[in-house]
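Notes to accompany the following structure.
The values are calculated or read from the model by the stated rules, or taken from the named source; none is laboratory data. Since the structure is predicted, the reported quantities are computational estimates derived from the model, not experimental observations. Here the Cβ positions follow ideal geometry from the backbone for every residue, glycine too, while neighbour counts run over all protein chains shown. Keep in mind that these areas ignore ligands, DNA and RNA; they rest on the heavy atoms of the full protein, side chains included. Shrake-Rupley method; radii C 1.70, N 1.55, O 1.52, S 1.80 Å.
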Amino acid sequence: MSDVNGPTGQTPASNGPEDAAVGTAGAGAGAEAATGSTTGPAVEPVAGAGAPTAAATAAEGGRRVRVVLVDDHRMFRTGVQAEIGETERTGVEVVGEAADVDQAVTVITATRPEVVLLDVHLPGGGGVEVLRRCAPLMADARQPVRFLALSVSDAAEDVIGVIRGGARGYVTKTITGTDLVDSVFRVQDGDAVFSPRLAGFVLDAFASTDAPPVDEDLDRLTQREREVLRLIARGYAYKEIAKQLFISVKTVESHVSAVLRKLQLSNRHELTRWATARRLV
């Protein structure tokens with residue numbers, strides 16, 4: 001099976017989020033609720049060769065898992081849908097899609113899927129904001145909605161942020177379709193699933209009950225300021241950032257000024273170097 005690789009790079013031009021496509025299938029029952037406990041999850045890597053995968057075992061029993069795709073790139077969502085969404089073959093039923101935070105919350109609430117494949121960087125507040133607003137759904141003991149982050153980013157700050165927010169795992173977009181299907185079924189079962197290199201970030205972060213901030217400088221910034229920082233570092237103009245985040249150009253300018261002040265930087269070039277050094281771009 002081919003890799004689940006879509007157009008993961010950001011481009012300065014953006015047409016804004018697409019309309020969400022909401023499925024109408026009924027919700028299935030889940031297991032116990034997922035939490036963002038600072039004691040840390042039991043970390044397991046994604047499936048490899050050898051023993052039967054969770055997906056294969058589920059397929060033998062005729063199991064199905066209902067999934068919502070949340071990513072601001074339509075072409076990537078289409079690719080994932082084509083790769084894992086043939087329900088008779090994979091057992092995965094894609095019941096909805098969303099391209100930004102507001103759409104994601106609306107679609108997830110309406111469809112109540114077992115698993116949400118969640119991008120980290122989204123217009124409207126990012127994956128962490130989706131997790132925050134969906135916390136009651138994750139905590140529903142009878143029908144929990146579980147989240148698996150699927151992102152191009154392998155930055156420690158992104159990984160730790162969504163895990164603290166309540167996601168059950170984090171895999172990068174280089175994952176194969178077969179392993180992604182298996183990861184979805186494992187997350188449905190309540191397992192914690194990570195791409196192998198990312199597991200170390202989680203273990204390090206939760207090694208202490210104190211769980212100190214990943215980066216003290218970055219921790220000074222609000223979630224919105226972090227979004228603006230990333231887009232500035234990727235070369236977006238103020239107008240493009242405003243369109244991407246649904247805010248005014250003046251608000252973008254205010255956020256940039258706040259970021260420069262908090263990080264004690266002088267201009268966007270220094271800001272770009274700062275973000276690149278921390279692998280935030």
Quiz item: Pick from Thr109, Thr90: which is open to solvent by 40 Å² or more (accessible area, probe 1.4 Å) and hydroxyl-bearing (Ser, Thr, Tyr)?
Solution: Thr109
Quiz item: Regarding Ala141, is this residue open to solvent by 10 Å² or more (accessible area, probe 1.4 Å) and among the aliphatic types (A, V, I, L, M)?
Solution: yes
Quiz item: If you go through the stretch 176-194 one residue at a time, do you hit one that is open to solvent by 10 Å² or more (accessible area, probe 1.4 Å) and closer than 26 Å to Ala233 by Cα?
Solution: no
Quiz item: Only one of (1) at pLDDT below 90; (2) closer than 22 Å to Val101 by Cβ is not met by Arg273, so which one is it?
Solution: (2)
Exercise. All but one of (1) out of contact with any strand residue (DSSP E or B) (no Cβ under 8 Å at 6 or more places or on another chain); (2) open to solvent by less than 10 Å² (accessible area, probe 1.4 Å) hold for Cys134, so report the exception by its number.
Key: (1)
Quiz item: Name the pairs whose Cβ atoms lie under 8 Å apart, with the first residue in the stretch 228-241 and free of Cβ contacts under 8 Å to residues at least 60 places away in the same chain, the second open to solvent by 50 Å² or more (accessible area, probe 1.4 Å), and 6 or more positions between them or separate chains?
Solution: Ile232/Arg268; Ala233/Thr276; Ala233/Val281; Tyr238/Val249; Tyr238/Glu253; Lys239/Val249
Exercise. Scan the stretch 141-154 and report the pairs whose first residue is of a type in the set (Ser, Thr, Tyr) and whose second residue is assigned to a strand (DSSP E or B) and open to solvent by 10 Å² or more (accessible area, probe 1.4 Å), with Cβ atoms within less than 6 Å and a gap of 6+ or a chain change.
Key: none
